[in-house]
Amino acid sequence: MGIANTTAVQSATAAAQAPASDSLNIRVLKKALDQQESNAQTLLDALPQTAPAPALATSGSLGTQLNTYA
């Protein structure tokens, strides 16, 4: 009977390799998230800049009063 073919040995081997696999998966995930962040920032930087809002009127009757009725 070969000991390498038992379910217990296979389970123990898989459990021993899991932490290494988990850390590798986490590193790959972090790299993918960093790449997505970089891509999103590039897209945001490519958007056209909006013009500043025009100054509001401070004198005169046009644009300085608001009449509302409920």
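Hey, what's the per residue convex hull volume over the C-alpha atoms of the chain, in cubic angstrom?
Dividing the Cα hull volume of the chain by its residues yields 214 Å³.
Provide the packing ranking of 35-46, 51-62, i.e. peptides ordered by the mean count of other C-beta atoms within 10 Å per residue, highest first.
35-46, 51-62
If I fit a long axis through the Cα atoms of helix 7-46 and take the longest principal axis of the Cα atoms of the chain, what angle between them do I get, 0 to 90°, rounded to 10?
Roughly 20 degrees, rounded to the nearest 10.
Just so you know, all these numbers are worked out from the coordinates, no wet-lab data involved. Note that this is a predicted model, so its numbers are computed, not measured. Glycine gets a Cβ as well: all are built from the backbone with ideal geometry, and neighbour counts include every protein chain shown.
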